Amino acid sequence: MNIVILSRNPALYSHRRMVEAGRNRGHRVEVINTLRCYMNITSARPEVRYQGRLLDDIDAVIPRIGASVTFYGLAVLRQFEMMGVYPLNESVAIGRSRDKLRALQILAREGIGLPVTGFANEPDDTDDLIRIAGGAPLIVKLVTGTHGEGVVLAETDQTAASVIDAFRNLNAHFLVQEFVREAKGQDLRCLVIGHEVVAAMGRRSARGDFRANLHRGGKAVAVEITEEERNTAVKAAETLGLNVAGVDVLRSNRGPLVLEVNSSPGLEGIERVTGIDIASQIIGFIEMNARPHATRTKGQG
């Protein structure tokens, strides 16, 4: 098969590993810069071009679209879908996962465990919003942040109100979320492929921080997950329509709570901690499922 990885950084560990795994299994794999793709949008014969050549022989695309180029990246991916190219994750599913508010609403509709979360627009609602989330300490996070960016722990109600006001003054959309004390700065990253958790690791926040993201200095450790945690992760990925996802889960007194569902999960930490060849499993999933015009949403928004 001819497989392309949509990414602006071919040097990333995850992308190098998928290129290696694909080529080891006899496929042609190429990383192409998302922003260097351009499109001929026509009903007769939609095209994607890259550096002057027509990409008309692609069997599958692995979208690894950076958060800062989501709009353009999803447009490129939709164009591939219109051409009948198989996407590892579909554009609609990625769009859902990138909007934290929309993702939480969809997960809540399916009864998936979530931290108590509030969302409001007017400053008059701030006090009640803080009460909804259980009062301080609580988390204030940007709707579009990644890797723990735009996430603030407010230790007091006054601090929470100040952070909320600051985000509002920046015209930023944000969520107010309960702080799950019993998690103690730890969460689980469950790597879902298809309908299965193929690997899982625990993440511990760095000293002086509350965020367990590895990009923020968090430490990855091997961990055994429960059947309930496994089922929660799989259901969260399926609910958003993602074939491959990193599902972040908190352990709470009321069961597993989904923090976030990542459509482009990094492979470095989890492969090294677990020793599992996830990149080859991703390529294997494509081998089993890729066929022309198999996109469920046909490129629709």
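Some values worked out for this structure:
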read-out: Within the range 43-86, considering residues that are more than 25 Å from the chain's Cα centre (by Cα) and of a type in the set (A, V, I, L, M, F, W, C), the one farthest from residue 27 (Cα to Cα); value: 44
read-out: Considering residues of the range 7-29 that are closer than 22 Å to residue 68 by Cα and of a type in the set (D, E, K, R) only, the residue modelled with the lowest pLDDT; value: 8
read-out: Extreme residue, surrounded by the most Cβ atoms within 10 Å (Cβ to Cβ), among residues of the range 149-165 that are among the small types (Gly, Ala, Ser) and within 15 Å of residue 127 (Cα to Cα); value: 160
read-out: Criterion: among the hydroxyl-bearing types (Ser, Thr, Tyr) and in contact with a strand residue (DSSP E or B) (Cβ under 9 Å, 6 or more places away or on another chain) - qualifying residue of 86, 13; value: 86
read-out: Residue 292, sole failed condition from (1) buried (at least 20 other Cβ atoms within 10 Å of the Cβ); (2) modelled with pLDDT under 95; (3) more than 26 Å from residue 99 (Cβ to Cβ); value: (1)
read-out: Single residue of 45, 16 found to be of a type outside the set (Val, Ile, Thr) and surrounded by fewer than 14 Cβ atoms within 10 Å (Cβ to Cβ); value: 45
read-out: Scope the range 36-60; condition in a loop (DSSP other than H, G, I, E, B), in contact with a strand residue (DSSP E or B) (Cβ under 8 Å, 6 or more places away or on another chain) and not charged (D, E, K, R); matching residues; value: 46, 55, 58
read-out: Residue count, the range 1-13 (criterion: surrounded by fewer than 22 Cβ atoms within 10 Å (Cβ to Cβ) and outside any loop (DSSP other than H, G, I, E, B)); value: 2
read-out: Condition check for residue 135: in a loop (DSSP other than H, G, I, E, B), within 19 Å of residue 257 (Cβ to Cβ) and within 20 Å of the chain's Cα centre (by Cα); value: no
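This table checks each residue for (1) aliphatic (A, V, I, L, M); (2) touching a strand residue (DSSP E or B) at 6+ places or on another chain (Cβ under 7 Å); (3) assigned by TED's automatic domain parsing to the domain that holds residue 259; (4) touching a residue at least 60 places away in the same chain (Cβ under 8 Å).
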| site | (1), (2), (3), (4) |
| --- | --- |
| 77 | yes, yes, no, yes |
| 105 | no, no, yes, no |
| 122 | no, no, no, no |
| 125 | no, no, no, no |
| 130 | yes, yes, no, no |
| 138 | yes, yes, no, no |
| 152 | yes, yes, no, no |
| 167 | no, yes, no, no |
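The values are calculated or read from the model by the stated rules, or taken from the named source; none is laboratory data. No experiment lies behind these values; they were computed from the predicted model shown. Cβ: placed from backbone, ideal geometry, glycine included. Neighbour counts: every protein chain shown.
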